[in-house]
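Participant: Would you mind keeping the following structure in view while I ask a few things?
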Amino acid sequence: MVSQNIGVGDIAPDFTLPSASGQSVRLSDYRGKAEVVLFFYPKDNTPGCTAEVCSFRDSYEAFREAGAEVIGVSSDSVDSHRQFSGRLQVPFQLLSDEGGALRNLYGVPRTLGLLPGRVTYLIDKSGIVRHIFSSQLRINKHVDETLTVCSIMRIRT
């Protein structure tokens, strides 16, 4: 897969990845049904990533009320995701992107050239990227900003 640096207004590339439950999840399965909050995070069981996943978990019902489904992605294994999501009682899918092909396809940057980046994409029901937030350190802002945009989109439709 070639890095594309996906931007606002672009069609979100489709993908199929295994979830923590072992089931395959396809982005196109949500087309026409729900907006998708697709967030890439560096690694399970690290302080910042645990805080981010918990922040999305704690706001999950608000996202659902705004018409969106939340999906988290890291390069951790399905087994790692299963343990991580079980321990944190995560109500949404965590997908395993072992090897980072999807991260590369979306053009998620590395921080300092080393750490996998932390980027959140809001994808509308038509599969168009409507909002992107990228910050390695402003973890809670991923949820706050994306939920605000998602809620505005809901009001407009």
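Participant: Just one of (1) at pLDDT 95 or above; (2) in a loop (DSSP other than H, G, I, E, B); (3) of a type in the set (Ser, Thr, Tyr) trips up Ser3, so point out which.
Facilitator: Condition not satisfied by Ser3: (1).
Participant: Do you know which residues across the stretch 74-120 are of a type outside the set (S, T, N, Q), farther than 16 Å from Thr50 by Cβ and in contact with a helix residue (DSSP H, G or I) (Cβ under 7 Å, 6 or more places away or on another chain)?
Facilitator: Residue satisfying the conditions is Asp97 alone.
Participant: Name the one entry in Pro42, Pro18 that is surrounded by 12 or more Cβ atoms within 10 Å (Cβ to Cβ), in contact with a strand residue (DSSP E or B) (Cβ under 6 Å, 6 or more places away or on another chain) and within 13 Å of Val108 (Cα to Cα).
Facilitator: Answer to the selection: Pro42.
Participant: Can you tell me which residues in the stretch 14-37 are of a type in the set (D, E, K, R) and part of a strand (DSSP E or B)?
Facilitator: Arg26, Glu35 - these are the residues of the stretch 14-37 that are of a type in the set (D, E, K, R) and part of a strand (DSSP E or B).
Participant: Please specify each residue of the stretch 27-50 satisfying the condition of being under 16 Å from Gly117 (Cβ atoms), over 14 Å from the mean Cα position of the chain (by Cα) and not β-branched (Val, Ile, Thr).
Facilitator: Of everything in the stretch 27-50, just one residue is under 16 Å from Gly117 (Cβ atoms), over 14 Å from the mean Cα position of the chain (by Cα) and not β-branched (Val, Ile, Thr), namely Gly48.
Participant: Can you tell me which residue among Ala62, Ala34, Ala101 is more than 24 Å from Thr148 (Cβ to Cβ) and either surrounded by fewer than 21 Cβ atoms within 10 Å (Cβ to Cβ) or not polar (S, T, N, Q) (or both)?
Facilitator: Going through Ala62, Ala34, Ala101 in turn, the sole match is Ala101.
Participant: Output the helices (runs of 4 or more DSSP H) that fall wholly within the stretch 48-157 and possess 2 or more residues being of a type in the set (Gly, Ala, Ser), or say none.
Facilitator: 78-88
Participant: Is it the case, given these coordinates, that Thr111 is under 22 Å from Asn140 (Cβ atoms) and surrounded by fewer than 19 Cβ atoms within 10 Å (Cβ to Cβ)?
Facilitator: yes
Participant: Please find, within the stretch 108-142, the residue that is nearest to Ser75 (Cα to Cα) out of those that are small (Gly, Ala, Ser) and at pLDDT 90 or above.
Facilitator: Among residues in the stretch 108-142 that are small (Gly, Ala, Ser) and at pLDDT 90 or above, the one nearest to Ser75 (Cα to Cα) is Gly127.
Participant: Okay, moving on. Restricting to the stretch 25-48, count the residues that are out of contact with any helix residue (DSSP H, G or I) (no Cβ under 7 Å at 6 or more places or on another chain) and touching a residue at least 60 places away in the same chain (Cβ under 8 Å).
Facilitator: Qualifying residue count for the region: 9.
Participant: Could you give me the residue pairs with C-beta distances under 8 Å whose first residue belongs to the stretch 89-101 and is among the β-branched types (Val, Ile, Thr), whose second residue is part of a loop (DSSP other than H, G, I, E, B) wherever it lies, and which are 6+ apart or on separate chains?
Facilitator: Note: pairs meeting the criteria are Val90/Ala20.
The values are calculated or read from the model by the stated rules, or taken from the named source; none is laboratory data. All values reported here derive from a predicted model rather than from experimental measurement. Note: ideal-geometry Cβ built from the backbone for every residue, glycine included; neighbour counts use all protein chains shown.
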